[in-house]
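Some notes on the structure that comes next.
Readers should treat all values here as calculations from the given coordinates under stated rules, not as data from a laboratory. Being a predicted model, the structure only gives us computed values, none of them experimental. Counting neighbours? That spans all protein chains shown, and the Cβs are built from the backbone with ideal geometry, glycine included.
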Amino acid sequence: MMLIAGGAVAGVLYWRHSTAAPIDWAGTGPSTVVVRVHPADGLSDVAQTLVGAGVVANAKYFVTVASDDGRLSGLQPGYYRVHQHSAAQVVVGELADKNNRLGQMRVIPGQTLADRTAVSPTGAKSVKQGILSAIAAACVPTDGQGSCFSVDDLWKVEETASPSDLNVVGWAVDDVTKAPDARRRLEGLILPGDYTIPPGSTAQQALTAVVSASAAQWNTTGIVAAANARHLTPYELATVASLVQAEAIGPDMSKVARVIYNRLADGMKLEFDSTVNYGLNRTQISTDKSERLDAANLYSTYAHAGLTPTPIGAPGPQALDAADDPATGTWLYFVAVDLDGNSCFSTTIEQHEACIAEARKNGVFG
């Protein structure tokens, strides 16, 4: 499908005879076009799209060249910028060049909607890109030189568009609607993975494309059945998974999930520093007492009982598995004991104090 075309069409043709259609163009044409490769497209489908967009001269010849070349055997769905009236071999190279694939963005486990300030144990600061900033960075204008939507445009949509218009996964619609902070209402609902922002999208179209694709992923996870088995709502299970993602590295995730369930069952506050930091739009290992006890931070699980009002980031597959199937144990406490993120788990406060002493010895916090 041709989306963008511009410039004069020119090129030299290879003719089979004077009245026949060309079998190939020569070299690289002067104008560009954006074509779409659909998820189920094979080489023949791609070839027909390219012929229709004026990119290659002959579909069968392109398939032959591409098959012999081999680089398009793993061609991914998406949007690609290529030159019109170009030699088949040239177009194969352009499609194989990852720099010509447009509108791509990736969500990683634990990523949040907003940018966050990351503070290292040494006090050094950096910025972790948020999902909305990543979407804005993936914008491609339709005319090749016009303006794109901004991060602020995306935030306006995130805060005001109805969940149904954004195609939020069905089980989360009510929770999104009643979220206490509009800027966090979609948090945790965009799963880790690769997403495509169609060229020429408006801010609402772009955010809807990502939320819709994530909803399709959610519908393959089995989260509804898993939540029912644990007597939770799917949204609550997603929230637990986001806490696990924020608090633990892989080997410890199932234990952290168990601590969450044990503390909730015993009527204890979760008391996770990650939730305090989330409310402050930052990431760091520790917090101070005044920050932990600040009731104005609705995400402080020191100041407020139960789960956070929304998830606190994008839960990855391992965190979701841990929330669904936690380890067996009586642990009520854990703390990161080294700078690699490994945790020490305990059942009694005395054991926990020993773990904290080990963490201090290892320089995790003062």
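Numerical summary
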| read-out | value |
| --- | --- |
| Inter-site label distance for Thr220 and Asn99 at 7 Å from Cα along Cβ, in nm | 3.2 nm |
| All Cα pairs of the range 261-366, percent lying beyond 24 Å | 25 percent |
| Spin-label model distance (nm) - Asp325 vs Ile249, 7 Å beyond Cα toward Cβ | 2.3 nm |
| Extension reserve of the Lys156-Met268 stretch, reckoned as 0.36 nm per residue once the Cα distance is removed | 36.6 nm |
| ³J(HN,Hα), Karplus 6.51/-1.76/1.60, whole Hz, each residue of the range 292-305, x for Gly, Pro | 5, 9, 6, 5, 5, 7, 5, 9, 6, 7, 8, 8, 10, 7 |
| Added length on full extension, which subtracts the Cα-Cα distance from 0.36 nm per residue, Phe365 to Asp115 | 87.6 nm |
| Cα lying deepest toward the dipole's positive end in the chain, options Gly29, Gln217, Pro109, charges on Cβ | Gly29 |
| The chain: relative contact order as a whole-number percent, Cα under 8 Å and 6+ apart | 14 percent |
| For the range 223-361, size of Cβ-based charge dipole, Lys and Arg +1, Asp and Glu -1, in debye | 180 debye |
| Cα Rg, Dmax, the range 224-320, angstrom units | 12.8, 40 |
| 26 Å Cα cut-off, lysine pairs counted over the chain (separation 8 or more, or different chains) | 13 |
| Tensor-based shape of the range 35-101 (alpha-carbon gyration tensor, a/c under 1.5 rounded, otherwise prolate or oblate) | rounded |
| Cα lying deepest toward the dipole's positive end in the range 223-361, options Ala296, Ala357, Gly341, charges on Cβ | Ala296 |
| 10 Å Cβ shell holding at most 16 others, DSSP loop, trypsin sites (Lys or Arg not before Pro): longest site-free stretch of the chain | 72-177 |
| Estimated inter-spin distance, Ala26 and Asp288, nm [label 7 Å along Cα→Cβ] | 7.4 nm |
| Gyration tensor verdict on the range 178-234 (Cα atoms; rounded if a/c is under 1.5, prolate if a/b is larger than b/c, oblate otherwise) | oblate |
| Contour minus Cα-Cα distance for Asp68 and Lys178 (0.36 nm per residue) | 34.0 nm |
| Residue-averaged [θ]222 nm for the chain, counting only DSSP H segments that reach four residues, each worth -39500 (n - 2.57) | -10500 deg cm²/dmol |
| For the range 105-218, size of Cβ-based charge dipole, Lys and Arg +1, Asp and Glu -1, in debye | 380 debye |
| Globularity ratio of the chain, using Cα Rg and 2.2 N^0.38 Å | 1.23 |
| Positive-end extreme of charge dipole, the chain - chosen from Ala227, Val240, Tyr195 (charges on Cβ) | Tyr195 |
